[in-house]
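Step one of this worksheet: look at the structure below.
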Amino acid sequence: MKFTGFLQKSLLLKVLFVISIAVIFFISGVTYKHLSTLSDSSIDVSRAHEVSLQLERLMSQLRDAETGSRGYIITRDSTHLEPYNYVRIRIEASFSILNHLTKNNEVQNENVALLENLVYNRLQIMENSIAFANANKTEELQLNLLRGKKTMDSIRNCIATMSELETKILSIRQQKYNNTFSNTPILIYIIILIGLILSVLSFVKINRDVNELKKANNQLSIANESSNMAEIVGNFGSWQWEIDNDKYSFSDNQYRLLGCEPQSFEANFDNLMKYIHPEDLEHVQDVMNRMIQNEKLPSFNYRIIKEDGQIRYFRGIGKLITNKSGSKTLLGTTSDITDEYNAILETEERNRELERSNKELTAFNYAASHDLQEPLRKIQTFISRLDDNEAENLSESGKDYLKRIIVAADRMRNLIDDLLQFSRSNKIEKNFETIDLNQLLDNAKLELSPTIEEKKAVILSEKLPELEVIPFQIQQLFTNLISNSLKYSKENVAPEISITAAKVTASDDERIPSASKDKYSRITFRDNGIGFEQEYAEKIFILFNRLHNKNEYAGTGIGLAICRKIVENHKGYIFADGEPNIGATFTIYLPTA
Amino acid sequence: MNKEYIHIILADDDEDDRLFFTDAFKELKISTKVNTFNDGVELMHYLNDPEAVLPNVLFLDLNMPKKNGIECLHEIKNNARFDNIAIAIYSTSSSEEDIEETFVIGANIYIKKPSDFASLKKILSEVVSINWQYHTSGLNKDNFLLRL
């Protein structure tokens, strides 16, 4: 999962977002400044208009007063003096407004003061003219009227100057406004464009991230599903415990293991503990406490009681995980090992049964070796005494019966002895020791020396190797093989047995099955006896299998079965080859270190 | 030995075997005195009597009721008074375990009861003529079991 990639991307997005916000702030600032300047200009314009208006009004009031005063002078009708009588008040009002309007402009303010002076001067002249007219001083009146006209001209000039100045102020402001804001629209346009590009970039990025997130989410849900299936197949469940905020979560299969529907009860400690067998509760809680202490514990076993009351055996294992931010989570896995547990119980039960039957077998062996032999031995001893002392008192048929009893009893003794040997070779005692096989062969020959001497047999043997074997069994093997050759020797021909040994590797000798050990010692016993048909090569190793009538050759059918058993005990192989009237060859492969 | 006969004791619960045993010695014509006991308890009762005449050779059957041959062997070997008695195990069994165990405890020879009377006589005549001191010094697990 590329979570670090996502983190880096979210940082990039943050930068883009901050830039976008800055662009918006910038645009708002610029617009605000623009608007406030615009409003300043409009105030200036209206002020200039107001100034012109007041100046015009002032002019017209002066003219009205002048016209009135002239009318009175000509007609001496006092009604003509009405405008003149109100003019002072109106003019004062106008100047008050003009003073207010021009207070921010020093030059214009001075102009207003000058104009005020001129206007009051003119009014004084007017007053004087009326006074001269009333006193009929025509000369002074004419002079005064002339002075009035001159003052009026100065007033006109002053007003013109002021109007001009206002116009100039307006135009300067206009110029300044134009200078300041001629580049603003293109700047705003560019900035909005940048903002848009950034937004588009962010959108593309977010879109891509969302897609990746979706993909990752998808993979996560697939992984989740496969882990769910694995839990079902593997018969295990999992749980998590976020220790810091004491939050639990159990997997679906955890519920199933308890015999419940997935997520059918709230995942918490108490609800989980409810299912644990009361006798194991203390143990489980102790183990969980130790897991929180970050002890590394092996798996632990406990019993639970399922929803339906069934007792199951669980094996649990837990691990404390501490993430980067330091919060701790205990991860746990539980598996239902009831089947395994029952299988072990069953195996143990079977083992006990096997042990019992083994003991019985041992008891039987003892009975066979001792209790069965004892009456037989006594029968034989009595027969031998009968044969020695009383035979001449018997009739011919009585003597014959006695002979047959002797043979039958001998045969029974051989059978018991051989069976005992066979059961002894079954018991694999692991007392292997490294021993010189020549010594075991000598012991075997010694054991058979009466028969060897009786049959005048010749045994030739190569030097045999030293091997790790069960000595008494290998000696038994040699004894049985030699005794077999002696037993099935040709009549009137001295038996000859040649024993050869060689080291072979499994790959070189095709008789050794593959997939076995590599190195073997091969020991071959070859005789010049009556041999056998090759088709019986396998059969002769089977217990109680005989190729000859027991009247011809006194065999029990056990000797070679013992041989095979012994060789198998040593993880070796034995093969027989025969040719009628030529002889038999027995080949043994014993593994070497 | 300054006595004119060899004192022999057999402890065996089997009546037939006691019969074979005594008959064999009768036929052997060796100067012997043979005492028999029916089980280990009778044997030890006799031996533990301080007045008892101790045998030269004790033939001990292994499988006896009440007190078996192994138990008797232990008791005899643990008592210095019986040090001079030669002990021959006389058993039907020739199992490795029995041979091993009696050898370790300290019997002098192990005889597997033969299955014909002629062999029995041969074995018994051989055993009573063994020079025990010589035999015991060279005793090992291989010559412990009597072979004819």
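Per-residue answers, yes or no, for (1) more than 18 Å from A:Asp417 (Cβ to Cβ); (2) charged (D, E, K, R); (3) modelled with pLDDT under 90:
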| residue | (1), (2), (3) |
| --- | --- |
| A:Glu447 | no, yes, yes |
| A:Glu453 | yes, yes, no |
| A:Leu464 | yes, no, no |
| A:Glu468 | yes, yes, no |
| A:Ile474 | yes, no, no |
| A:Thr479 | no, no, no |
| A:Ser485 | yes, no, no |
| A:Ser489 | yes, no, no |
| A:Ala494 | yes, no, no |
Response to the item:
By residue number, the members of region A:67-77 that are within 15 Å of A:Phe132 (Cα to Cα) and part of a helix (DSSP H, G or I) are A:Ser69, A:Arg70, A:Gly71, A:Tyr72, A:Ile73, A:Ile74, A:Thr75
Item to complete: Could you list, in sequence order, all residues of region B:94-148 that are within 10 Å of chain A (Cβ to nearest Cβ) and among the charged types (D, E, K, R)?
Response: B:Glu96, B:Glu97, B:Asp98, B:Lys112, B:Lys113, B:Asp116, B:Asp142, B:Arg147
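Just a yes or no: is a residue in region A:278-293 touching a Ser or Thr at 6+ places or on another chain (Cβ under 6 Å), in contact (Cβ under 8 Å) with a residue 24 or more places away in the chain and of a type in the set (A, V, I, L, M, F, W, C)? Spell out how you get there, then give the answer.
Our first condition is that a residue be touching a Ser or Thr at 6+ places or on another chain (Cβ under 6 Å); within region A:278-293, this holds for none.
So far as region A:278-293 goes, no, none of its residues is touching a Ser or Thr at 6+ places or on another chain (Cβ under 6 Å), in contact (Cβ under 8 Å) with a residue 24 or more places away in the chain and of a type in the set (A, V, I, L, M, F, W, C).
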Worksheet entry | Failed criterion for A:Ile305 (all others in (1) among the aliphatic types (A, V, I, L, M); (2) over 19 Å from A:Trp241 (Cβ atoms); (3) surrounded by 18 or more Cβ atoms within 10 Å (Cβ to Cβ) hold) | (3)
Worksheet item: Is one or more of the residues making up region B:73-93 within 14 Å of chain A (Cβ to nearest Cβ), β-branched (Val, Ile, Thr) and without any contact (Cβ under 8 Å) to a residue 24 or more places away in the chain?
Response: no
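So which of A:Ala343, A:Ala363, A:Ala367 ends up being exposed (fewer than 11 other Cβ atoms within 10 Å of the Cβ) and either free of Cβ contacts under 8 Å to residues at least 12 places away in the same chain or away from every other protein chain (no Cβ under 13 Å) (or both)?
A:Ala363 is the lone residue from the list that is exposed (fewer than 11 other Cβ atoms within 10 Å of the Cβ) and either free of Cβ contacts under 8 Å to residues at least 12 places away in the same chain or away from every other protein chain (no Cβ under 13 Å) (or both).
Determine, yes or no, whether A:Gln174 is closer than 30 Å to A:Val51 by Cβ, assigned by TED's automatic domain parsing to the domain that holds A:Thr31 and assigned to a helix (DSSP H, G or I). Break it down into steps so the answer makes sense when it comes.
Working: closer than 30 Å to A:Val51 by Cβ: yes; assigned by TED's automatic domain parsing to the domain that holds A:Thr31: yes; assigned to a helix (DSSP H, G or I): yes.
Here the answer is yes, as A:Gln174 does meet what is asked.
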Item to complete: Could you tell me whether A:Ser226 is outside the structural domain of A:Gly326 (by TED's automatic domain parsing) and either of a type outside the set (D, E, K, R) or surrounded by 15 or more Cβ atoms within 10 Å (Cβ to Cβ) (or both)?
Response: yes
Discussion item. Would you confirm whether or not region A:250-266 contains a residue that is without any contact (Cβ under 8 Å) to a residue 60 or more places away in the chain, in contact with a strand residue (DSSP E or B) (Cβ under 8 Å, 6 or more places away or on another chain) and more than 23 Å from A:Arg303 (Cα to Cα)?
Written reply: no
Worksheet item: A:Asp417 is checked against (1) surrounded by fewer than 17 Cβ atoms within 10 Å (Cβ to Cβ); (2) in contact with an Asp or Glu (Cβ under 9 Å, 6 or more places away or on another chain); (3) charged (D, E, K, R); (4) within 29 Å of A:Leu361 (Cβ to Cβ) and fails just one. What number does that condition carry?
Response: (2)
Worksheet item: Which residues, counting only those in region B:77-93, are in contact with an Asp or Glu (Cβ under 8 Å, 6 or more places away or on another chain) and β-branched (Val, Ile, Thr)?
Response: B:Ile89, B:Thr92
Worksheet item: Looking at this structure, is A:Asp388 within 12 Å of another protein chain (Cβ to nearest Cβ), over 25 Å from B:Pro65 (Cβ atoms) and at pLDDT below 90?
Response: yes
Worksheet item: For region B:48-148, list the strands (runs of 3 or more DSSP E) that sit wholly inside it and hold at least 1 residues that are hydroxyl-bearing (Ser, Thr, Tyr); which are they?
Response: B:86-91, B:109-112
Item to complete: From A:Arg315, A:Arg356, A:Arg385, A:Arg350, grab the single residue that is touching a Ser or Thr at 6+ places or on another chain (Cβ under 8 Å), of a type outside the set (Gly, Ala, Ser) and free of Cβ contacts under 8 Å to residues at least 24 places away in the same chain.
Response: A:Arg315
Discussion item. Looking at A:Leu297, A:Leu320, can you tell me which residue is assigned by TED's automatic domain parsing to the domain that holds A:Asn268, farther than 30 Å from B:Ala118 by Cβ and in contact with a Gly (Cβ under 8 Å, 6 or more places away or on another chain)?
Written reply: A:Leu297
Worksheet item: Which condition number does A:Glu261 fail, the rest of (1) more than 26 Å from A:Lys328 (Cβ to Cβ); (2) surrounded by 14 or more Cβ atoms within 10 Å (Cβ to Cβ); (3) charged (D, E, K, R) being met?
Response: (2)
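Might you check whether a residue that is assigned by TED's automatic domain parsing to the domain that holds A:Arg413 and touching a helix residue (DSSP H, G or I) at 6+ places or on another chain (Cβ under 9 Å) occurs anywhere in region A:351-361?
yes
Could you tell me whether any residue of region A:444-455 is within 60 Å of the chain's Cα centre (by Cα) and in contact (Cβ under 8 Å) with a residue 24 or more places away in the chain? Steps first, please.
Quick first cut of region A:444-455, residues within 60 Å of the chain's Cα centre (by Cα) only: none.
No, every residue in region A:444-455 fails to be within 60 Å of the chain's Cα centre (by Cα) and in contact (Cβ under 8 Å) with a residue 24 or more places away in the chain.
The values are calculated or read from the model by the stated rules, or taken from the named source; none is laboratory data. Please read all numbers here as calculations on a predicted model, not as lab measurements. Glycine gets a Cβ as well: all are built from the backbone with ideal geometry, and neighbour counts include every protein chain shown.
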